[in-house]
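Reading through the structure tokens given below for one structure.
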């Protein structure tokens, strides 16, 4: 039951956590560009940073999920893989 | 009706459901209407539908908690009657927290029980004809702000220097990426809950505004309100606990 909830949590959260950093950086970049008149440089850097941050978020979430499975006692404890 | 706080930007009110000047089709009303404007310390505060519904649910939960407390004044060692139900609820949340955060941090169960009950009630309130408070970004943002605070509070108090060092790993150049990613965590949490509930509510409003309301509402309610509502509540609590646990060193 807990595993099912975990998998569903991962499914619904992964897409959003990939997208949100990109959008944050995009809007922050556009905002700063308008303020400073440096279009489109900060936006470009922002998008690159956002993609990397989104990748990091997804990596952290999946690493958390697969941590149990690397435990050699995981299958001995009688849990299903 | 007058538009609320975000009237300068037109896309966001439409996105999050705040009132705009645009006419609303009869029966297809999923905007957050503003009931009253109050002057408070020189600022205009808006009393919205979300706030009134939230207050109502807070009142219900308060009364329920007080009743339970009064009843459990004379508890018995072997539970009987209503005490069984209360013990089952508390024990379920307790074991849920233990399985996510370990025995040492089981005290988080008390906080997450409150969060769980509030989000569950909000999500299910669509069944009673309310506009779910969680279909407002303000509510979900407020709840995830507490999660954000807990994540970093526990990180700093338990992790100390290791918490700050974590931002420089694996290489110091990744510092900005790590910081952006940390700030994105609560935002994506709130957006997921908000988006799921808002989507369900909009589809339900659309169904009710057409002739389909004589056929499918029950099935749609089971999926969008009961299934998605309960699932999102469980996932919200679970992810919050995992994120908090993630920052605490073993």
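Read-outs: derived from the displayed coordinates by stated rules, not from any lab. Keep in mind it's a predicted model, so treat the numbers as computed, not measured. In this analysis, Cβ positions are derived from the backbone assuming ideal geometry, glycine residues included, and neighbour counts consider all displayed protein chains.
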A chain fully extended from residue B:56 to residue B:41 at 0.36 nm per residue, minus the present Cα-Cα distance, gains in nm 2.9 nm
Relative contact order in percent for the stretch B:32-131 (Cα pairs under 8 Å, 6+ apart) equals 23
For chain B, averaging the sequence separation of alpha carbon pairs under 8 Å that lie six or more residues apart and dividing by its residue count, the contact order in percent is 22
Taking Cα pairs closer than 8 Å and at least 6 residues apart, the relative contact order of the stretch B:185-250 in percent is 38
Expected unfolding gain across residue A:28-residue A:59 under the 0.36 nm per residue rule, minus the alpha-carbon gap, is 8.8 nm
Note to self, the protein assembly as shown gives a 222 nm [θ] from helices alone (DSSP H runs n ≥ 4, -39500 (n - 2.57) apiece, / all residues, nearest 500) of -22500 deg cm²/dmol
With label points set 7 Å from each Cα along the Cα-to-Cβ direction at residue B:86 and residue B:115, the distance between them in nm comes to 2.4
FRET efficiency for residue A:38 and residue B:223 from the Cβ-Cβ distance with R0 = 51 Å, rounded to 0.05, comes out at 0.60
With Cα springs under 10 Å, the Gaussian network model of chain B assigns the largest mean-square fluctuation among B:120, B:193, B:175 to B:175
Most exposed first, judged by fewest Cβ atoms within 10 angstrom, B:245, A:67, B:73 run B:73, A:67, B:245
